[in-house]
C-alpha cells in the first residue's frame with residue numbers, strides 16, 4: 001500500500017516498517033532505501049528536496065517524515081468540529097440533519113448532552129429548539145404542563161418519529177432527550 005499523504009504518517013511508517021520486518025528485513029537501512037517505491041509520485045517528491053545525508057537511521061526518517069506529512073492528513077473530528085457544524089442559510093433541516101449526522105458518526109467519546117447541545121445550537125429551526133427547551137423544563141413558559149399525545153408522550157413526540165428515520169446516533173439521542 002503506497003503512502004498518499006492522506007493518513008496519519010506515524011501510523012503508516014509503523015505499518016511500513018512492520019511489513020518489511022515480517023518479510024524478513026532486519027536492516028533499517030534496507031527498509032529506508034526502499035521507501036520511495038511505497039510513496040505515490042507527488043509524496044515522493046519531498047525526498048528530492050531533503051538535504052544530503054539528512055536520513056542516517058530510522059529515527060532520522062521518522063523525524064523528517066512526520067515533520068513533513070503531519071499537516072497533510074485529515075485528522076479525526078472532535079467535539080469542537082461538531083460545535084462548528086452550523087445549518088447554512090437556505091439549507092433544509094433534512095440536509096442539515098444529514099450533514100450533522102455524518103459529522104457525528106466520525107466522532108468517538110463525545111458526551112450525549114454535547115451532541116444534543118451542538119445540534120440545537122447549530123440549527124435555524126426555532127420551532128425545534130423551542131420544543132426542546134420546553135421539554136427540558138417539562139412545562140410551558142406560562143407554567144402549564146405540556147399536553148401528552150395518545151401514547152402518553154409530550155407533543156414533540158411527532159418530531160421524534162420523523163427525525164429518527166435515519167439510524168443516526170445523534171438523532172436517536174435528540175429524540176430520546178426530547179421525550180424525557
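The values are calculated or read from the model by the stated rules, or taken from the named source; none is laboratory data. Everything numeric in this text was worked out from a predicted model, so none of it was measured. Note that we place each Cβ from the backbone using ideal geometry, even for glycine, and neighbour counts take in every protein chain shown.
Within segment 95-151, can you find the residues that are at pLDDT below 60, touching a helix residue (DSSP H, G or I) at 6+ places or on another chain (Cβ under 9 Å) and either closer than 20 Å to residue 79 by Cα or not in a strand (DSSP E or B) (or both)? The answer is 131, 132, 133, 135, 136, 140, 141, 146, 149, 151.
Looking across segment 94-108, the residues that are more than 13 Å from residue 118 (Cβ to Cβ) and over 10 Å from the mean Cα position of the chain (by Cα) come down to 94, 95, 98. The number of residues in segment 80-91 that are in contact with a helix residue (DSSP H, G or I) (Cβ under 9 Å, 6 or more places away or on another chain) and more than 14 Å from residue 120 (Cα to Cα) comes to 2. Search segment 51-71 for residues being in contact with a helix residue (DSSP H, G or I) (Cβ under 8 Å, 6 or more places away or on another chain) and at pLDDT below 90, and hand back the single one that is farthest from residue 109 (Cα to Cα). Selected residue: 54.
Cβ-Cβ contacts under 6 Å between residues 6 or more apart (or on different chains), taken from a first residue in segment 49-63 that is in the same structural domain as residue 26 (by TED's automatic domain parsing) to a second residue that is part of a loop (DSSP other than H, G, I, E, B) and surrounded by 14 or more Cβ atoms within 10 Å (Cβ to Cβ), are listed as 61/55. Residue 17: surrounded by 12 or more Cβ atoms within 10 Å (Cβ to Cβ), touching a helix residue (DSSP H, G or I) at 6+ places or on another chain (Cβ under 7 Å), at pLDDT 85 or above and not in a helix (DSSP H, G or I), yes or no? Considered against the rule, which asks whether it is surrounded by 12 or more Cβ atoms within 10 Å (Cβ to Cβ), touching a helix residue (DSSP H, G or I) at 6+ places or on another chain (Cβ under 7 Å), at pLDDT 85 or above and not in a helix (DSSP H, G or I), residue 17 comes out as no.
Among the criteria (1) over 31 Å from the mean Cα position of the chain (by Cα); (2) over 16 Å from residue 10 (Cβ atoms); (3) modelled with pLDDT of 90 or more, the one residue 40 does not fulfil is (1).
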